[in-house]
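The values are calculated or read from the model by the stated rules, or taken from the named source; none is laboratory data. Owing to the predicted nature of the structure, the values given are computational and were not obtained by experimental measurement. So basically every Cβ, Gly included, is an ideal-geometry build from the backbone, and we count neighbours across all protein chains shown. For accessibility, only protein heavy atoms count, side chains too; no ligands or nucleic acids. Shrake-Rupley method; radii C 1.70, N 1.55, O 1.52, S 1.80 Å.
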Amino acid sequence: MRIAVYIPLLLSLLAPLGARPLAERCEPRLATWLLTASALVLGTATTISLGLLAITGLIRFPQLAGLGHWSAHAAQRDDPAELSVALIAGLLLGAAVLMAARMLWRRAHTLATAALEAACMPAEDGLVVIDDEAPNAFAIPGLPGRVVVSTGMLHTLDETERHILLAHERAHLTAHHYAFVALAQLGAAANPLLRPLATAVTYTIERWADENAATATGDRERVARTVGKAALAAHQVPARTPGAALAILGRRTPLAAAGPVPRRVAALLAPPFGRHPALAAATATVLAIAALSTAEAAHDLHLLLEAVGA
């Protein structure tokens with residue numbers, strides 16, 4: 001195998017360095033798309049690379065090579081990858097597949113539970129008010145989804161702040177933010193090196209919802225104050241929320257405590273972020289290199305298997 005098979009693995013080491021700049025400098029919606037795509041593409045590319053390396057190790061064993069009518073001796077002679085590297089790749093591949101499958105199962109179960117829970121909730125215009133003095137608010141995906149707000153949170157906020165809260169939570173539902181989180185976490189499950197990207201996505205979806213609320217109300221400073229006020233209220237009283245909804249979006253109280261609140265407040269008090277084409281272009285270039293190198297590595301393996309055919 002040539003150097004191409006190792007490029008996705010190298011990129012996955014470097015990708016976390018770009019997570020913070022994307023989250024902090026790029027418009028939140030674009031940043032969410034770029035971070036999610038990066039986690040998913042790099043997670044897939046590294047898994048394929050490990051699979052390709054593992055195959056080069058398997059065909060060196062005569063019993064396994066015979067199943068495909070390959071020559072184990074020729075494989076040992078023609079493939080430059082060390083057997084130890086192939087074996088390690090096989091072990092890592094097994095762990096990646098197991099973790100990704102486990103994550104998919106848990107996510108599907110959680111989503112189904114949340115959808116059922118949302119369908120059973122009586123709501124007025126998609127809003128459910130629960131009698132709970134703990135200040136809390138969250139969105140439950142479903143068909144349709146629900147925004148759940150406690151009486152404690154409603155008593156904490158004034159009328160304008162309640163509109164901001166609802167605009168924020170409804171943005172999570174209409175933009176399907178739970179899907180971005182799930183896909184980013186899937187990539188991170190396959191490749192733990194990508195966890196900073198998945199963590200950044202949980203922050204950028206909050207920034208995305210903050211910006212939606214700011215657009216809906218036309219008052220960025222008021223949204224910033226609401227975020228800080230809700231965070232303080234939720235911090236003082238432990239939230240008691242359904243586990244299904246929390247697991248889907250990966251956060252305790254959607255408006256208040258997800259992601260570093262001071263960073264969100266500072267971003268709202270500053271002018272809106274632009275699209276930052278340089279960062280977007282750099283991200284697209286990295287993903288293109290990962291995809292092309294994976295394709296090249298797969299082609300190399302195809303040529304190797306043809307060369308060692310018995």
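Side notes on the structure shown:
- Check on residue 67, open to solvent by 90 Å² or more (accessible area, probe 1.4 Å) and either in contact with a strand residue (DSSP E or B) (Cβ under 6 Å, 6 or more places away or on another chain) or modelled with pLDDT under 80 (or both): yes
- Residue tally, condition closer than 20 Å to residue 175 by Cα and open to solvent by 30 Å² or more (accessible area, probe 1.4 Å), over segment 126-145: 3
- Qualifying residue in segment 254-267 (condition: surrounded by 21 or more Cβ atoms within 10 Å (Cβ to Cβ), in contact with a strand residue (DSSP E or B) (Cβ under 8 Å, 6 or more places away or on another chain) and modelled with pLDDT of 85 or more): no
- Scanning segment 146-159 for residues that are in contact (Cβ under 8 Å) with a residue 40 or more places away in the chain and either part of a loop (DSSP other than H, G, I, E, B) or loosely packed, with under 14 Cβ neighbours inside 10 Å (or both) yields one hit, 157.
- Condition met for residue 22 (open to solvent by 20 Å² or more (accessible area, probe 1.4 Å), of a type outside the set (Ser, Thr, Tyr) and over 13 Å from the mean Cα position of the chain (by Cα)): no
- Counted residues, segment 83-125 - those being assigned to a helix (DSSP H, G or I), under 13 Å from residue 143 (Cα atoms), open to solvent by less than 80 Å² (accessible area, probe 1.4 Å) and free of Cβ contacts under 8 Å to residues at least 60 places away in the same chain: 4
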